[in-house]
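The values are calculated or read from the model by the stated rules, or taken from the named source; none is laboratory data. The model shown is predicted, which means the values in this text are computed figures rather than measured ones. For neighbour counting, all protein chains shown are included, and Cβ atoms are generated from backbone atoms with ideal geometry for every residue, glycine included.
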Amino acid sequence: MLNYRQLHYFWVVARTGSIVRACEQLNLTPQTISGQISLLEQTYGIALFQRVGRQLELTEAGRKALPYAEQMFQTGNELEAMLRAQPDEQQILFRVGVADVVPKSIVYRLIAPTMELSEPLRITCREDKLERLLADLAIQRLDLVISDSPMPTHLDIKGYSQKLGECGISFFATQALADRHPGAFPQCLQGAPLLIPGAETVIRSRLQRWFAEQQIQPKIIGEFDDSALMQAFGQSGSGIFIAPSVIADEVVRQYGVALIGQTDAVTESFYAISVERKVKHPGIVAITEGARRELFTALP
(Lines give C-alpha, C1' and ligand atoms only; values in the text may rest on other atoms or scores of the structure.)
Protein backbone atom coordinates (compact mmCIF):
# COMPACT_ATOMS: atom_id res chain seq x y z
CA MET A 1 0.00 0.00 0.00
CA LEU A 2 1.18 3.51 -0.82
CA ASN A 3 2.80 5.30 2.12
CA TYR A 4 1.12 8.70 2.09
CA ARG A 5 3.59 10.29 4.49
CA GLN A 6 6.47 9.42 2.15
CA LEU A 7 4.46 10.69 -0.80
CA HIS A 8 3.77 13.92 1.08
CA TYR A 9 7.50 14.48 1.63
CA PHE A 10 8.10 13.90 -2.09
CA TRP A 11 5.35 16.39 -2.95
CA VAL A 12 6.71 19.12 -0.66
CA VAL A 13 10.28 18.71 -1.97
CA ALA A 14 9.02 18.84 -5.56
CA ARG A 15 6.99 21.99 -4.85
CA THR A 16 9.69 23.84 -2.92
CA GLY A 17 12.54 22.73 -5.16
CA SER A 18 14.94 21.57 -2.47
CA ILE A 19 15.19 19.43 0.64
CA VAL A 20 16.38 22.44 2.66
CA ARG A 21 13.24 24.46 1.91
CA ALA A 22 11.09 21.38 2.51
CA CYS A 23 12.74 21.00 5.94
CA GLU A 24 11.79 24.59 6.80
CA GLN A 25 8.19 24.00 5.77
CA LEU A 26 7.80 20.59 7.46
CA ASN A 27 10.03 21.34 10.47
CA LEU A 28 11.97 18.12 9.92
CA THR A 29 15.63 17.23 9.43
CA PRO A 30 17.11 16.65 5.95
CA GLN A 31 17.95 13.08 6.96
CA THR A 32 14.32 12.32 7.78
CA ILE A 33 12.97 13.70 4.52
CA SER A 34 15.63 12.21 2.24
CA GLY A 35 15.40 8.88 4.05
CA GLN A 36 11.64 8.64 3.64
CA ILE A 37 11.82 9.58 -0.05
CA SER A 38 14.52 6.93 -0.54
CA LEU A 39 12.20 4.34 1.03
CA LEU A 40 9.44 5.38 -1.36
CA GLU A 41 11.80 5.01 -4.31
CA GLN A 42 12.99 1.60 -3.09
CA THR A 43 9.41 0.36 -2.68
CA TYR A 44 8.62 0.95 -6.36
CA GLY A 45 12.12 0.53 -7.78
CA ILE A 46 12.28 4.00 -9.34
CA ALA A 47 14.15 7.27 -8.86
CA LEU A 48 11.97 10.33 -8.30
CA PHE A 49 14.77 12.92 -8.15
CA GLN A 50 18.19 13.29 -9.71
CA ARG A 51 21.13 15.60 -9.00
CA VAL A 52 22.02 18.03 -11.80
CA GLY A 53 25.02 19.95 -10.55
CA ARG A 54 23.93 21.33 -7.20
CA GLN A 55 20.28 21.29 -8.17
CA LEU A 56 17.69 18.61 -7.40
CA GLU A 57 15.45 17.86 -10.38
CA LEU A 58 12.55 15.51 -10.98
CA THR A 59 13.16 12.42 -13.06
CA GLU A 60 10.67 11.37 -15.73
CA ALA A 61 8.98 9.13 -13.14
CA GLY A 62 8.90 12.04 -10.69
CA ARG A 63 7.30 14.34 -13.26
CA LYS A 64 4.60 11.73 -13.94
CA ALA A 65 3.94 11.17 -10.22
CA LEU A 66 3.72 14.84 -9.26
CA PRO A 67 0.28 15.65 -10.80
CA TYR A 68 -1.25 12.69 -8.96
CA ALA A 69 0.26 13.85 -5.68
CA GLU A 70 -0.99 17.40 -6.37
CA GLN A 71 -4.55 16.17 -6.84
CA MET A 72 -4.43 13.92 -3.78
CA PHE A 73 -3.21 16.57 -1.37
CA GLN A 74 -5.39 19.31 -2.84
CA THR A 75 -8.39 17.05 -2.27
CA GLY A 76 -7.11 16.32 1.25
CA ASN A 77 -6.87 20.04 2.01
CA GLU A 78 -10.41 20.57 0.74
CA LEU A 79 -11.65 17.67 2.89
CA GLU A 80 -9.94 19.08 5.97
CA ALA A 81 -11.45 22.52 5.37
CA MET A 82 -14.90 20.97 4.98
CA LEU A 83 -14.58 18.93 8.17
CA ARG A 84 -13.34 21.90 10.18
CA ALA A 85 -16.13 24.18 8.99
CA GLN A 86 -19.12 24.71 11.25
CA PRO A 87 -22.43 23.42 9.87
CA ASP A 88 -23.69 26.93 9.12
CA GLU A 89 -20.39 27.89 7.46
CA GLN A 90 -19.99 24.94 5.11
CA GLN A 91 -19.58 25.90 1.47
CA ILE A 92 -20.69 24.01 -1.60
CA LEU A 93 -17.64 22.98 -3.60
CA PHE A 94 -17.85 23.94 -7.28
CA ARG A 95 -15.07 22.49 -9.44
CA VAL A 96 -14.88 24.02 -12.90
CA GLY A 97 -12.64 22.88 -15.74
CA VAL A 98 -11.94 25.41 -18.48
CA ALA A 99 -10.69 24.40 -21.94
CA ASP A 100 -7.51 26.38 -22.54
CA VAL A 101 -8.84 27.82 -25.81
CA VAL A 102 -11.69 29.73 -24.12
CA PRO A 103 -10.88 33.45 -23.59
CA LYS A 104 -10.32 34.29 -19.94
CA SER A 105 -12.68 37.28 -20.03
CA ILE A 106 -15.48 35.03 -21.24
CA VAL A 107 -14.74 32.54 -18.46
CA TYR A 108 -14.90 35.27 -15.82
CA ARG A 109 -18.17 36.63 -17.14
CA LEU A 110 -19.68 33.15 -17.25
CA ILE A 111 -18.63 32.29 -13.68
CA ALA A 112 -19.34 35.74 -12.16
CA PRO A 113 -23.05 35.03 -11.41
CA THR A 114 -22.03 32.24 -9.01
CA MET A 115 -20.45 34.89 -6.77
CA GLU A 116 -23.87 36.42 -6.13
CA LEU A 117 -25.65 33.27 -4.93
CA SER A 118 -27.14 33.20 -1.45
CA GLU A 119 -25.64 29.73 -0.98
CA PRO A 120 -21.88 30.06 -0.32
CA LEU A 121 -19.77 28.41 -3.01
CA ARG A 122 -16.09 27.59 -2.98
CA ILE A 123 -14.97 27.68 -6.60
CA THR A 124 -11.89 25.93 -7.95
CA CYS A 125 -10.94 26.48 -11.59
CA ARG A 126 -8.54 24.34 -13.60
CA GLU A 127 -7.44 25.00 -17.16
CA ASP A 128 -6.33 22.17 -19.43
CA LYS A 129 -6.94 20.44 -22.75
CA LEU A 130 -10.58 19.51 -23.27
CA GLU A 131 -10.12 15.72 -23.38
CA ARG A 132 -8.22 15.66 -20.07
CA LEU A 133 -10.89 17.81 -18.44
CA LEU A 134 -13.65 15.53 -19.70
CA ALA A 135 -11.82 12.51 -18.31
CA ASP A 136 -11.84 14.18 -14.87
CA LEU A 137 -15.50 15.11 -15.32
CA ALA A 138 -16.31 11.44 -15.97
CA ILE A 139 -14.80 10.37 -12.63
CA GLN A 140 -16.41 13.35 -10.81
CA ARG A 141 -13.23 15.29 -10.16
CA LEU A 142 -14.99 18.19 -11.88
CA ASP A 143 -18.59 19.39 -11.76
CA LEU A 144 -18.54 21.34 -15.02
CA VAL A 145 -16.37 21.90 -18.10
CA ILE A 146 -16.58 25.13 -20.10
CA SER A 147 -15.56 24.70 -23.74
CA ASP A 148 -15.82 26.22 -27.21
CA SER A 149 -17.30 22.96 -28.51
CA PRO A 150 -19.87 20.40 -27.30
CA MET A 151 -18.99 16.96 -25.99
CA PRO A 152 -16.98 15.19 -28.73
CA THR A 153 -18.88 12.25 -30.17
CA HIS A 154 -15.79 10.00 -30.38
CA LEU A 155 -15.22 9.98 -26.61
CA ASP A 156 -16.74 7.14 -24.60
CA ILE A 157 -17.70 9.50 -21.78
CA LYS A 158 -21.17 10.18 -20.46
CA GLY A 159 -21.81 13.90 -20.56
CA TYR A 160 -24.36 16.46 -21.64
CA SER A 161 -23.65 19.74 -23.44
CA GLN A 162 -25.65 22.92 -22.94
CA LYS A 163 -25.02 25.76 -25.36
CA LEU A 164 -24.49 28.93 -23.36
CA GLY A 165 -24.49 31.26 -26.35
CA GLU A 166 -22.64 32.42 -29.41
CA CYS A 167 -21.40 35.66 -30.90
CA GLY A 168 -19.49 37.03 -33.86
CA ILE A 169 -15.82 37.99 -33.81
CA SER A 170 -14.03 41.33 -33.81
CA PHE A 171 -10.61 42.33 -35.14
CA PHE A 172 -8.26 44.56 -33.15
CA ALA A 173 -4.89 46.24 -33.66
CA THR A 174 -2.78 48.97 -32.17
CA GLN A 175 -3.60 52.34 -33.75
CA ALA A 176 -0.17 52.46 -35.39
CA LEU A 177 -0.70 49.06 -37.02
CA ALA A 178 -4.25 49.94 -38.07
CA ASP A 179 -2.95 53.14 -39.73
CA ARG A 180 -0.51 51.08 -41.81
CA HIS A 181 -3.41 49.02 -43.21
CA PRO A 182 -6.12 51.56 -44.08
CA GLY A 183 -9.23 50.95 -46.11
CA ALA A 184 -12.60 49.33 -45.67
CA PHE A 185 -13.02 46.21 -43.57
CA PRO A 186 -12.41 43.37 -44.32
CA GLN A 187 -10.32 44.30 -47.38
CA CYS A 188 -7.85 46.08 -45.09
CA LEU A 189 -6.80 42.63 -43.82
CA GLN A 190 -5.26 41.72 -47.19
CA GLY A 191 -1.54 41.10 -46.56
CA ALA A 192 -1.80 42.40 -42.99
CA PRO A 193 0.06 40.59 -40.18
CA LEU A 194 -2.44 38.39 -38.35
CA LEU A 195 -2.34 36.52 -35.04
CA ILE A 196 -4.66 33.53 -35.28
CA PRO A 197 -6.11 30.97 -32.84
CA GLY A 198 -4.39 27.57 -32.80
CA ALA A 199 -5.42 24.55 -34.83
CA GLU A 200 -7.25 22.98 -31.86
CA THR A 201 -9.79 25.81 -31.68
CA VAL A 202 -13.15 25.54 -33.41
CA ILE A 203 -12.97 29.15 -34.61
CA ARG A 204 -9.77 28.54 -36.59
CA SER A 205 -11.34 26.59 -39.47
CA ARG A 206 -14.35 28.93 -39.60
CA LEU A 207 -12.05 31.91 -39.86
CA GLN A 208 -10.02 30.38 -42.67
CA ARG A 209 -13.19 29.55 -44.64
CA TRP A 210 -14.36 33.15 -44.26
CA PHE A 211 -11.04 34.50 -45.55
CA ALA A 212 -11.38 32.24 -48.60
CA GLU A 213 -14.95 33.43 -49.22
CA GLN A 214 -13.85 37.06 -48.94
CA GLN A 215 -10.83 36.37 -51.18
CA ILE A 216 -8.54 37.81 -48.53
CA GLN A 217 -5.08 36.51 -47.65
CA PRO A 218 -3.66 38.00 -44.47
CA LYS A 219 -0.10 37.19 -43.47
CA ILE A 220 -0.33 34.77 -40.54
CA ILE A 221 2.63 35.47 -38.26
CA GLY A 222 1.55 33.67 -35.09
CA GLU A 223 -0.73 30.88 -33.84
CA PHE A 224 -1.92 30.70 -30.24
CA ASP A 225 -4.00 28.22 -28.24
CA ASP A 226 -4.03 30.71 -25.35
CA SER A 227 -6.15 33.75 -26.23
CA ALA A 228 -4.58 35.88 -23.47
CA LEU A 229 -1.12 35.31 -24.96
CA MET A 230 -2.41 36.21 -28.42
CA GLN A 231 -3.87 39.43 -27.05
CA ALA A 232 -0.58 40.28 -25.34
CA PHE A 233 1.24 39.95 -28.67
CA GLY A 234 -1.49 42.03 -30.30
CA GLN A 235 -1.12 44.73 -27.65
CA SER A 236 2.59 44.97 -28.51
CA GLY A 237 1.76 45.72 -32.15
CA SER A 238 2.94 42.36 -33.51
CA GLY A 239 -0.22 41.80 -35.51
CA ILE A 240 -3.97 42.09 -35.80
CA PHE A 241 -5.85 39.72 -33.48
CA ILE A 242 -9.40 38.56 -32.86
CA ALA A 243 -11.70 38.18 -29.86
CA PRO A 244 -15.41 37.43 -29.36
CA SER A 245 -17.52 40.50 -30.12
CA VAL A 246 -19.30 40.17 -26.79
CA ILE A 247 -16.11 41.39 -25.05
CA ALA A 248 -15.03 43.91 -27.74
CA ASP A 249 -15.40 46.98 -25.50
CA GLU A 250 -13.42 45.30 -22.75
CA VAL A 251 -10.58 44.34 -25.12
CA VAL A 252 -10.31 47.93 -26.39
CA ARG A 253 -10.14 49.30 -22.84
CA GLN A 254 -7.84 46.66 -21.39
CA TYR A 255 -5.28 46.49 -24.20
CA GLY A 256 -5.47 50.05 -25.52
CA VAL A 257 -6.14 48.87 -29.08
CA ALA A 258 -8.50 49.92 -31.85
CA LEU A 259 -11.47 47.97 -33.13
CA ILE A 260 -10.97 47.70 -36.89
CA GLY A 261 -13.94 45.53 -37.83
CA GLN A 262 -16.53 42.94 -36.83
CA THR A 263 -18.31 40.08 -38.55
CA ASP A 264 -21.19 37.80 -37.62
CA ALA A 265 -20.36 35.47 -40.51
CA VAL A 266 -17.81 33.80 -38.20
CA THR A 267 -19.15 32.88 -34.77
CA GLU A 268 -17.75 31.49 -31.56
CA SER A 269 -19.91 29.27 -29.39
CA PHE A 270 -19.51 28.34 -25.75
CA TYR A 271 -20.79 25.26 -23.94
CA ALA A 272 -21.28 23.97 -20.42
CA ILE A 273 -20.62 20.22 -20.23
CA SER A 274 -21.76 18.24 -17.18
CA VAL A 275 -22.63 14.65 -16.29
CA GLU A 276 -26.20 15.62 -15.40
CA ARG A 277 -28.89 15.90 -18.05
CA LYS A 278 -31.10 17.77 -15.58
CA VAL A 279 -28.71 20.22 -13.91
CA LYS A 280 -29.09 20.57 -10.12
CA HIS A 281 -25.81 22.13 -8.96
CA PRO A 282 -26.53 25.80 -8.08
CA GLY A 283 -23.26 26.91 -9.65
CA ILE A 284 -24.08 25.34 -13.02
CA VAL A 285 -27.61 26.75 -12.92
CA ALA A 286 -26.23 30.24 -12.22
CA ILE A 287 -23.79 30.00 -15.13
CA THR A 288 -26.31 28.74 -17.69
CA GLU A 289 -29.04 31.20 -16.68
CA GLY A 290 -26.62 34.14 -16.46
CA ALA A 291 -25.15 33.43 -19.90
CA ARG A 292 -28.52 33.25 -21.59
CA ARG A 293 -30.08 36.14 -19.70
CA GLU A 294 -27.23 38.65 -19.74
CA LEU A 295 -23.95 37.77 -21.44
CA PHE A 296 -25.11 36.74 -24.91
CA THR A 297 -28.24 38.89 -25.22
CA ALA A 298 -26.90 42.41 -25.72
CA LEU A 299 -24.01 42.18 -28.17
CA PRO A 300 -22.06 45.32 -29.14
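Things worth noting here:
- Tally of residues being among the hydrophobic types (A, V, I, L, M, F, W, C), at pLDDT 90 or above and under 30 Å from residue 270 (Cα atoms) across the stretch 58-102: 5
- Residue in the stretch 115-132 that is over 29 Å from residue 252 (Cβ atoms), among the β-branched types (Val, Ile, Thr) and out of contact with any Phe, Trp or Tyr (no Cβ under 7 Å at 6 or more places or on another chain) present: yes
- Only residues that are surrounded by 13 or more Cβ atoms within 10 Å (Cβ to Cβ) and either farther than 23 Å from residue 176 by Cβ or among the aromatic types (Phe, Trp, Tyr) (or both) were counted across the stretch 189-207, and they come to 9.
- Condition met for residue 140 (modelled with pLDDT under 90, assigned to a loop (DSSP other than H, G, I, E, B) and over 26 Å from residue 296 (Cβ atoms)): yes
- Of the residues in the stretch 48-69, none is under 30 Å from residue 225 (Cβ atoms), among the hydroxyl-bearing types (Ser, Thr, Tyr) and touching a residue at least 60 places away in the same chain (Cβ under 8 Å).
- Within the stretch 87-121, the residues that satisfy the criterion of being surrounded by 15 or more Cβ atoms within 10 Å (Cβ to Cβ) and either part of a strand (DSSP E or B) or without any contact (Cβ under 8 Å) to a residue 24 or more places away in the chain (or both) are 92, 93, 94, 95, 96, 97, 98, 99, 121.
- Those residues of the stretch 179-206 which are within 20 Å of residue 229 (Cα to Cα) and over 22 Å from the mean Cα position of the chain (by Cα), in sequence order: 192, 193, 194
- On the stretch given as the stretch 143-169, residues that are under 19 Å from residue 108 (Cβ atoms) and not in a strand (DSSP E or B) total 2.
- Number of residues in the stretch 208-243 that are within 14 Å of residue 173 (Cα to Cα), polar (S, T, N, Q) and surrounded by fewer than 19 Cβ atoms within 10 Å (Cβ to Cβ) equals 3.
- Those residues of the stretch 15-33 which are touching a helix residue (DSSP H, G or I) at 6+ places or on another chain (Cβ under 6 Å) and small (Gly, Ala, Ser), in sequence order: 22
- Residues in the stretch 252-289 that are closer than 22 Å to residue 202 by Cβ, under 22 Å from the mean Cα position of the chain (by Cα), surrounded by 17 or more Cβ atoms within 10 Å (Cβ to Cβ) and not aliphatic (A, V, I, L, M): 268, 269, 270, 271, 274, 288.
- Flag for residue 54 being over 33 Å from the mean Cα position of the chain (by Cα), basic (Lys, Arg), farther than 27 Å from residue 136 by Cβ and not assigned by TED's automatic domain parsing to the domain that holds residue 133: yes
- One residue from 138, 178, 199, 192 being in contact (Cβ under 8 Å) with a residue 12 or more places away in the chain, more than 30 Å from residue 265 (Cβ to Cβ) and among the aliphatic types (A, V, I, L, M): 138
- Checked against the criterion of being more than 30 Å from residue 281 (Cα to Cα), more than 22 Å from the chain's Cα centre (by Cα) and outside any loop (DSSP other than H, G, I, E, B), the candidates 33, 46 yield just one match: 33.
- Top-ranked residue of the stretch 202-247 - restricted to ones that are touching a residue at least 60 places away in the same chain (Cβ under 8 Å) and charged (D, E, K, R), ranked as nearest to residue 103 (Cα to Cα): 226
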